[in-house]
Amino acid sequence: MIQSADDIVRGSVVHADICIVGGGPAGIVLALELSRTGRSILLLESGGEAPTEQARALNIGEVAEGSLHSPPDTYRQRVLGGGTSIWGGRCVPFDPIDFEARPWIDHSGWPIGYDEVERHYAAANAWCEAGEYEYDARLAAPNGMRALLRGFSPRHFDTNGIERFSCPTDFGSRYRNRLRSAPNLRVLLSATATRLRAARDGSRIDALDVCNGRDAAFSVVAGQFVLAMGGMETPRLLLTSDDVHAGGIGNANDLVGRFYMCHVAGTIGSLRVNGAADTVWHGYDLAADGTYCRRRIAPRPATQAAMGLSNAVFRLHHPRIADPAHGTGPLSAIFLAQRFISYEYAKRLVSDAPPSAKTWLRHGMNAAIDSPSTARFLLHWVKARILADRKFPSIIVRPRTNLFSLDFHTEQAPNPDSRIGLGSSLDRFGNRQLRVDWRYCRQDVDTVAQSFDLLGQELADQAIGQLTLAAGERDIETVVRRDGAYGGHHIGTARMGATARSGVVDRNGKVFGVNNLHIAGSAVFPTSSQANPTLTIVAMAVRLAEHLSERVTRVPSIRESVN
Amino acid sequence: MPDSIDYSRKPVLILGASGFIGSRVAAALERSPIYRPVAASRRSAISVDATDMQSVLRALRDVDCVVNCVAGKDDAMVRAAQVLCDAARSTPPRRIVHLSSMAVYGAATGSVTEDHGPVEPVSLYGRAKIACEGIVGRYVRDGGDAVILRPSCVFGPGSTQWTTRLIRLLRAGRLGDLGAGGDGGCNLAFIDDVVGAIVAALDAPDVSGRTFNISSSADLTWNQFLMAFSKALGATPIRRIPGRTLRIETRILAPFRRVAAKAVKAGWTEAITPSLAALFRQDIRIDSGAAQSALWLHRTPPEQMIAAVLRDNRTKQELAAV
Ligand SMILES: Cc1cc2nc3c(=O)[nH]c(=O)nc-3n(C[C@H](O)[C@H](O)[C@H](O)COP(=O)(O)OP(=O)(O)OC[C@H]3O[C@@H](n4cnc5c(N)ncnc54)[C@H](O)[C@@H]3O)c2cc1C
């Protein structure tokens with residue numbers, strides 16, 4: 001059942017076998033998987049069924065370097081469904097190399113192997129509604145997917161890996177009925193966890209303090225607690241709960257909030273393809289199961305090892321929208337419509353600097369001159385995006401000339417100095433707000449620069465096309481700084497380690513030293529991969545549910561008592 | 001056709017023998033060394049009008065058991081059950097195996113065993129099936145021997161309702177991935193499994209007076225099944241059907257299609273009725289554990305059910321049609 005915590009009386013104690021904090025994809029999948037075990041499950045979500053200003057305000061925080069990282073109340077949603085209420089739905093599994101301790105990347109390596117996560121990817125694909133677990137372009141679509149660049153067979157890059165797209169499924173609305181009808185499951189909305197209460201010896205969590213929308217406090221007593229609050233709020237709650245564990249729960253070795261990673265991502269260069277227009281395919285193919293699939297260009301593991309690179313991926317992209325020189329109507333139409341695009345999407349799509357009147361005019365001309373294709377594009381957008389349940393994933397526009405740019409999305413090397421901490425201002429409940437101090441390092445910039453160069457070389461060697469950088473992009477670091485931390489991916493802030501010296505949680509996601517506290521979500525990822533995180537977050541949630549269902553001992557079912 | 005009738009085999013009267021399930025039961029008994037089918041319907045060689053007392057009395061005279069597969073209009077079904085039980089009171093067969101349906105549970109959710117009561121709304125068909133069960137129940141209380149079977153959606157070659165209809169709707173892209181509209185439990189009873197349970201019920205010990213759920217699939221959602229079936233049929237790429245489209249189908253188009261269906265049987269006259277859409281959402285799991293132990297119910301896995309349908313000539317013809 002789904003209820004509002006606003007009806008819970010101040011000072012009550014709510015009991016459950018397992019209490020999950022956070023109703024994003026991780027929390028929802030955990031709750032639904034665990035509800036089948038017969039144990040009483042309580043899911044607490046700070047937001048409601050729709051976003052509210054009051055909930056958003058709880059996400060506010062400080063950023064050390066505003067040009068590098070967006071404010072914490074953007075790219076995050078306090079609502080049932082969490083980030084998936086606005087996500088793009090790109091689903092990609094991690095690669096085996098992501099789990100290895102790579103000598104060329106400090107602090108790399110997971111305490112679990114690829115296969116431990118891989119066996120849950122099929123279930124994760126189903127939860128995300130991203131079709132079957134098949135990420136090979138030759139097998140994903142009937143008769144194989146179209147070639148990206150016909151005749152291109154690079155030695156250092158794999159072009160057969162793909163990304164698949166979720167609807168994009170908003171886990172909150174998609175699974176609402178199931179949350180309502182699942183046996184043994186109670187969802188409390190408008191329930192914000194404010195503090196974990198550890199036992200005197202610190203070995204257990206005795207209770208969790210929670211506040212409802214009317215600021216009435218109550219507590220939750222459970223056999224097991226799972227934090228699934230996203231990669232920023234999870235370290236915040238651990239750091240805030242410092243009354244028994246000085247410095248915060250799980251923070252004996254000063255790891256909580258450190259190693260904060262997003263992805264380094266952006267759009268660079270221009271690729272002029274030599275062949276005819278039909279030698280390039282940068283759009284989507286449909287799998288038999290109806291999901292949109294798209295090829296990517298990924299440096300091979302051996303190349304990464306030989307050159308000391310982090311993991312990375314490139315996608316063929318239309319030219320930068322903001323620059324009217326592309327002369328393409330649909331792209332200019334998007335530029336003109338930027339007021340109607342949400343902050344999160346406009347940020348990368350549209351422009352870096354406020355455009356001049358002349359720029360506006362040139363875009364207007366483009367849209368007018370190229371009006372037939374603009375109209376075709378808009379019609380397709382309405383039909384395949386706005387009206388469709390499985391939405392056409394992104395803007396795909398065939399440039400009028402065979403000129404493309406490259407999207408890159410690369411792993412960020414783990415860096416202890418990049419961190420989420422507590423700021424000085426307080427939220428409504430008197431807890432310190434977040435402070436984000438995101439850093440990138442040389443390795444991150446080198447990965448982009450070197451893999452870009454290598455790709456350019458192979459494209460030239462095989463006479464596929466010329467990949468060049470604009471004058472302002474030659475120093476890759478300026479590109480990295482221009483696009484900054486990729487929003488919405490919050491990784492590594494409660495990392496998994498083999499021992500308490502290297503991790504906040506163990507191989508099962510349990511906080512070292514605390515017997516009944518687990519963490520779900522990308523906070524536990526020790527490294528960030530080239531892949532977007534959600535598919536792996538969900539796979540790991542399924543894995544954690546399996547682990548917890550073996551672990552929890554039965555205690556009485558949900559009941560409430562007023563002190 | 002057997003050359004001669006083997007009178008050492010026990011004669012089993014099948015009421016509704018020309019129907020989908022009845023005909024399959026007759027065929028199974030034909031092959032049986034123990035039983036001999038006496039296939040009765042209004043149209044068959046042994047003509048029995050199941051709603052006519054004299055006709056049923058005559059039919060009961062020389063048989064060992066009765067299988068009641070009478071389908072059709074709701075009131076005719078109830079009438080046939082009444083006539084059968086009344087006739088059986090004067091000429092009792094050794095046992096009646098009566099076919100009911102999971103429709104008796106109405107809108108029940110969760111794991112459903114035989115003792116689960118009906119949950120409103122119950123369809124008219126479900127009400128009729130409940131009435132029939134009541135009649136059979138009274139017959140048992142009066143000392144008769146009867147077993148009630150409640151199959152879930154009977155799937156398999158020849159099933160118009162759960163096979164041909166679905167094939168048509170999937171190929172037309174009107175069903176597919178239903179999102180939240182298809183999260184309901186897909187409880188399919190494979191025809192061979194149903195027939196096996198019926199035959200087993202004729203002589204199984206300690207089942208007299210009992211009721212059994214008959215279902216083959218477990219823990220399958222309609223989305224999972226419809227997508228697997230679509231893929232097997234080559235009805236790809238599978239379409240995601242928005243909730244809005246389903247609502248237009250059930251609320252606006254269904255009545256028209258049903259009227260048209262009286263004149264033409266075709267893909268476009270297959271209606272997605274509100275009750276069908278509700279079933280796709282209904283989170284119900286039919287528990288057939290009792291039948292597995294008492295009637296040795298075999299549960300064919302979904303992939304094998306689908307494969308059997310694809311091998312069938314009627315499916316091939318359906319797929320060949322545009
Ligand atoms: C614009 C955008 C596009 C994206 N696109 C993609 C994509 O294409 N592919 C991809 O893989 N990922 C994408 N993401 C990232 C994706 O949304 C996240 O990875 C995912 O939502 C994380 O899931 P989670 O359950 O761990 O955390 P969240 O989704 O952040 O959910 C955490 C939940 O916990 C609740 N919560 C927080 N604090 C408390 C508290 N104290 N008490 C109670 N509840 C609390 C929050 O309200 C929230 O609902 C995108 C994100 C954004 C913003």
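Within the stretch B:45-101, which residues are assigned to a helix (DSSP H, G or I), touching a residue at least 24 places away in the same chain (Cβ under 8 Å) and basic (Lys, Arg)?
Step one: list which residues in the stretch B:45-101 are assigned to a helix (DSSP H, G or I), which gives B:53-60, B:74-90.
So of that shortlist, the ones also touching a residue at least 24 places away in the same chain (Cβ under 8 Å) come out as B:53, B:56-57, B:59-60, B:74-90.
Within the stretch B:45-101, B:79, B:89 qualify.
Check B:110, B:16 and return the single one that is surrounded by fewer than 17 Cβ atoms within 10 Å (Cβ to Cβ), on the phi > 0 side of the Ramachandran plot and in contact (Cβ under 8 Å) with a residue 24 or more places away in the chain.
On the way: B:16 fails: surrounded by fewer than 17 Cβ atoms within 10 Å (Cβ to Cβ).
Only one candidate qualifies: B:110.
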In this structure, is residue A:397 touching a His at 6+ places or on another chain (Cβ under 8 Å), surrounded by 18 or more Cβ atoms within 10 Å (Cβ to Cβ), among the aliphatic types (A, V, I, L, M) and closer than 26 Å to residue A:512 by Cβ?
no
Of the residues A:151, A:88, A:144, only one is within 16 Å of the ligand (Cβ to nearest atom) and assigned to a loop (DSSP other than H, G, I, E, B); which?
A:88
Taking the criterion of being away from chain B (no Cβ under 14 Å), surrounded by fewer than 18 Cβ atoms within 10 Å (Cβ to Cβ) and free of Cβ contacts under 8 Å to residues at least 40 places away in the same chain, would at least one residue in the stretch A:326-336 satisfy it?
yes
Quick check on this structure: which one of B:103, B:131, B:146 is surrounded by fewer than 23 Cβ atoms within 10 Å (Cβ to Cβ) and either within 14 Å of another protein chain (Cβ to nearest Cβ) or over 15 Å from the mean Cα position of the chain (by Cα) (or both)?
B:131
Can you name the residue in the stretch A:428-441 that is surrounded by fewer than 18 Cβ atoms within 10 Å (Cβ to Cβ) and over 23 Å from the mean Cα position of the chain (by Cα) and is also nearest to residue A:409 (Cα to Cα) among such residues?
A:432
Leading residue by the ranking (nearest to the ligand (Cβ to nearest atom)) among those in the stretch A:154-172 that are assigned to a loop (DSSP other than H, G, I, E, B) and charged (D, E, K, R)
A:170
Quick check on the stretch A:274-288: of everything there that is closer than 14 Å to residue A:465 by Cα and of a type in the set (Gly, Ala, Ser), which residue is nearest to the other protein chains (Cβ to nearest Cβ)?
A:277
Of the residues in the stretch B:235-253 that are farther than 20 Å from residue A:386 by Cβ and in contact (Cβ under 8 Å) with a residue 24 or more places away in the chain, the one that is nearest to the other protein chains (Cβ to nearest Cβ) is B:238
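When the stretch B:307-318 is examined, which residues are found to be at pLDDT below 85 and aliphatic (A, V, I, L, M)?
none
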Of the residues A:252, A:302, which is outside any loop (DSSP other than H, G, I, E, B) and away from chain B (no Cβ under 14 Å)?
A:302
Could you say whether any residue in the stretch A:142-164 is within 14 Å of chain B (Cβ to nearest Cβ) and modelled with pLDDT under 95?
yes
Filter the stretch B:19-34 for residues that are surrounded by fewer than 16 Cβ atoms within 10 Å (Cβ to Cβ) and either among the aliphatic types (A, V, I, L, M) or touching a strand residue (DSSP E or B) at 6+ places or on another chain (Cβ under 8 Å) (or both) and give the result.
B:27, B:30, B:34
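Rundown of residues vs (1) within 10 Å of the ligand (Cβ to nearest atom); (2) within 14 Å of chain B (Cβ to nearest Cβ); (3) assigned to a loop (DSSP other than H, G, I, E, B); (4) touching a residue at least 40 places away in the same chain (Cβ under 8 Å), yes/no style:
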site: A:71; (1), (2), (3), (4): no, no, yes, no
site: A:75; (1), (2), (3), (4): yes, no, yes, yes
site: A:83; (1), (2), (3), (4): yes, no, no, yes
site: A:106; (1), (2), (3), (4): no, no, yes, yes
Of B:173, B:179, B:209, which residue is within 14 Å of chain A (Cβ to nearest Cβ) and surrounded by fewer than 19 Cβ atoms within 10 Å (Cβ to Cβ)?
B:173
Does any residue of the stretch A:499-506 turn out to be among the β-branched types (Val, Ile, Thr) and either away from the ligand (no atom under 16 Å from the Cβ) or surrounded by fewer than 22 Cβ atoms within 10 Å (Cβ to Cβ) (or both)?
yes
Here are the criteria: (1) in a helix (DSSP H, G or I); (2) within 16 Å of the ligand (Cβ to nearest atom). Tell me which single one residue A:531 does not satisfy.
(1)
Enumeration of residues in the stretch A:20-59 that are in a loop (DSSP other than H, G, I, E, B) and within 9 Å of the ligand (Cβ to nearest atom)
A:22, A:23, A:24, A:45, A:46, A:47, A:58, A:59
All positions within the stretch B:106-115 that are part of a loop (DSSP other than H, G, I, E, B) and within 14 Å of chain A (Cβ to nearest Cβ)
B:107, B:108, B:109
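Any residue in the stretch B:192-206 that is more than 10 Å from chain A (Cβ to nearest Cβ) and in contact with an Asp or Glu (Cβ under 6 Å, 6 or more places away or on another chain)?
Within the stretch B:192-206, not a single residue is more than 10 Å from chain A (Cβ to nearest Cβ) and in contact with an Asp or Glu (Cβ under 6 Å, 6 or more places away or on another chain).
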Out of (1) within 14 Å of chain A (Cβ to nearest Cβ); (2) in contact (Cβ under 8 Å) with a residue 40 or more places away in the chain; (3) hydrophobic (A, V, I, L, M, F, W, C), the odd one out for residue B:166 is which?
(1)
Are any of the residues in the stretch B:262-275 within 14 Å of chain A (Cβ to nearest Cβ), part of a helix (DSSP H, G or I) and surrounded by fewer than 15 Cβ atoms within 10 Å (Cβ to Cβ)?
no
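Please verify whether residue A:102 is touching a residue at least 40 places away in the same chain (Cβ under 8 Å), part of a loop (DSSP other than H, G, I, E, B) and more than 16 Å from the ligand (Cβ to nearest atom), treating the condition exactly as stated.
The answer is yes for residue A:102.
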Those strands (runs of 3 or more DSSP E) completely within the stretch A:173-217 that have 2 or more residues that are away from the ligand (no atom under 13 Å from the Cβ) and away from every other protein chain (no Cβ under 14 Å) are A:192-198, A:205-211
The listed residue being touching a strand residue (DSSP E or B) at 6+ places or on another chain (Cβ under 9 Å), within 14 Å of chain B (Cβ to nearest Cβ), in contact (Cβ under 8 Å) with a residue 40 or more places away in the chain and aromatic (Phe, Trp, Tyr), out of A:292, A:260
A:292
Residue A:163 vs (1) out of contact with any Cys (no Cβ under 7 Å at 6 or more places or on another chain); (2) over 20 Å from residue A:261 (Cα atoms): all pass except (1)
Determine which member of the set A:254, A:285 is within 30 Å of residue A:137 (Cβ to Cβ), modelled with pLDDT of 95 or more and of a type in the set (Asp, Glu).
A:285
Can you tell me how many residues within the stretch A:465-496 are assigned to a strand (DSSP E or B) and within 19 Å of residue A:444 (Cα to Cα)?
2
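The values are calculated or read from the model by the stated rules, or taken from the named source; none is laboratory data. From a predicted model like this one, the values you see are computed outputs, not experimental measurements. With ideal geometry, Cβ positions are generated from the backbone for all residues, glycine too; neighbour counts draw on all protein chains shown.
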